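Enquirer: Just dropping this structure here.
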Amino acid sequence: DQQVKQNSPSLSVQEGRISILNCDYTNSMFDYFLWYKKYPAEGPTFLISISSIKDKNEDGRFTVFLNKSAKHLSLHIVPSQPGDSAVYFCAVSHTGTASKLTFGTGTRLQVML
Amino acid sequence: DAGITQSPRHKVTETGTPVTLRCHQTENHRYMYWYRQDPGHGLRLIHYSYGVKDTDKGEVSDGYSVSRSKTEDFLLTLESATSSQTSVYFCAISESSYNEQFFGPGTRLTVL
């Protein structure tokens, strides 16, 4: 039973437009949320995180939104660039077991020229 | 980039043989983790360590053991490899349990 779901396996976006990646979770105990980016043959790279006391966190072109009532988070990339083409994983944890990240299955983003 | 290396980077082995994967860090981080990545599953935690000689199980620990005798090294052992353990294995480190984790480059293991 997957606790973290990324329902879109893939997403294609034109360069310069907004990319929106979505993630849903089932356990309301989760209170720390992260996004990772992964290129082929490399390890995941940390992008951005948000704690449950916030509903938005920005870092340059990347913004993460958290909707606790809907148990939903999203990653917005604006503007999208070809170098953003990668697989994006959301990950969640809760304070009681903060060492343990639970990952979604990933969304492959392709940014087209 | 965080100083994390994994060895070997690629390995092909036969069913029933023992295999040890090594993760080495130069960041002096307390926490170290082993994950496996499989299609349709994302990354799943196998074992983690919260200090020298302190380890705990993750979501998919059956068939795996770990050891950490030094801060910088975290070993993952498959005592008797099976084909279901064919996967890409990632090591990760973090300063504390409340920080983001940084990942190594991965080891691709094939069990024939």
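Enquirer: If you roll a 1.4 Å probe over the heavy atoms of the protein chains, what accessible area per residue do you get for chain B, in Å²?
Expert: 47 Å²
Enquirer: Over 19 Å between Cα atoms, which of A:5/A:71; A:5/A:68; A:100/B:70; A:5/A:37 qualify?
Expert: Beyond 19 Å between Cα atoms: A:100/B:70.
Enquirer: Can I ask one more? Taking the Cα atoms of the protein assembly as shown alone, what are Rg (to one decimal) and Dmax (as a whole number) in Å?
Expert: In order Rg, Dmax, the Cα atoms of the protein assembly as shown give 17.5, 51 Å.
Enquirer: Here's a follow-up. At 1.4 Å probe size, with no ligands or nucleic acids counted, give the accessible surface of residue A:20 in Å², nearest ten.
Expert: 70 Å²
Enquirer: Evaluate chain B: find the radius of gyration of its Cα atoms, find its Kirkwood radius, and give the ratio Rg to Rh.
Expert: Using only Cα positions, Rg/Rh for chain B is 0.94.
Enquirer: Now for a separate question. A plus B alone minus the pair: what accessible area, both sides summed, probe 1.4 Å, in Å² to 100?
Expert: Interface between A and B: roughly 1600 Å².
Enquirer: So, one more: Tell me the accessible surface of residue B:14 in square angstrom (1.4 angstrom probe, heavy atoms of protein chains only), to the nearest ten.
Expert: Around 120 Å² of this residue is reachable by solvent.
Enquirer: Quick one: longest stretch of chain B between exposed loop trypsin sites (Lys or Arg not before Pro), exposed meaning at most 13 other C-beta atoms within 10 Å and loop per DSSP?
Expert: So the longest stretch without any such site is B:54-112.
Enquirer: Give me the distance in nm between label points sitting 7 Å out from Cα along the Cα-to-Cβ direction at residue B:53 and residue B:112, one decimal.
Expert: 4.1 nm
Enquirer: What is the distance, in nm, between label points placed 7 Å from the Cα along the Cα-to-Cβ direction at residue B:13 and at residue A:110?
Expert: Here the answer is 3.6 nm between the modelled labels.
Enquirer: Efficiency by 1/(1 + (r/R0)^6): what FRET value for residue A:56 and residue A:7, r their Cβ-Cβ distance, R0 = 25 Å, to the nearest 0.05?
Expert: Working from the Cβ atoms, E equals 0.70.
Enquirer: OK, next. Per the 1.4 Å probe, what fraction of the accessible area of the protein assembly as shown, in percent, lies on carbon and sulfur atoms?
Expert: Carbon and sulfur together cover 47 percent of it.
Enquirer: Would you rank B:35, B:64 by solvent-accessible area, highest first, keeping every protein chain in place and using a 1.4 Å probe?
Expert: The residues order as B:64, B:35, largest area first.
Enquirer: Here's a follow-up. If R₀ is 22 angstrom, what is the calculated FRET efficiency for the pair residue B:38 and residue A:95, using the beta carbon separation as r and rounding to 0.05?
Expert: E(calc), rounded to 0.05, equals 0.20.
Enquirer: Moving to a separate point now. Are there any residues in segment B:92-109 with a reduction of at least 40 Å² in accessible surface when going from the isolated chain to the assembly of protein chains? Probe 1.4 Å, please list them by number.
Expert: Residues meeting the cut-off: B:97, B:98, B:100, B:101, B:103.
Enquirer: At a temperature of 25 °C and a viscosity of 0.890 mPa s, determine how fast chain A diffuses translationally according to Stokes-Einstein, using the Kirkwood radius over alpha-carbon pairs as Rh; express D in µm²/s, rounded to the nearest whole number.
Expert: 174 µm²/s
Enquirer: Now for a different question. Please give the contour-minus-distance gain from residue B:67 to residue B:100: 0.36 nm per residue of separation, less the Cα-Cα distance, rounded to one decimal in nm.
Expert: Gain in length upon complete extension: 9.6 nm.
The values are calculated or read from the model by the stated rules, or taken from the named source; none is laboratory data. Treat the numbers as computed from the prediction; the structure is a model and nothing was measured. Every residue, glycine among them, receives a Cβ derived from its backbone with ideal geometry; neighbour counts consider all protein chains shown. Surface accessibility is based on the protein's heavy atoms, side chains included, excluding ligands, DNA and RNA. Shrake-Rupley method; radii C 1.70, N 1.55, O 1.52, S 1.80 Å.
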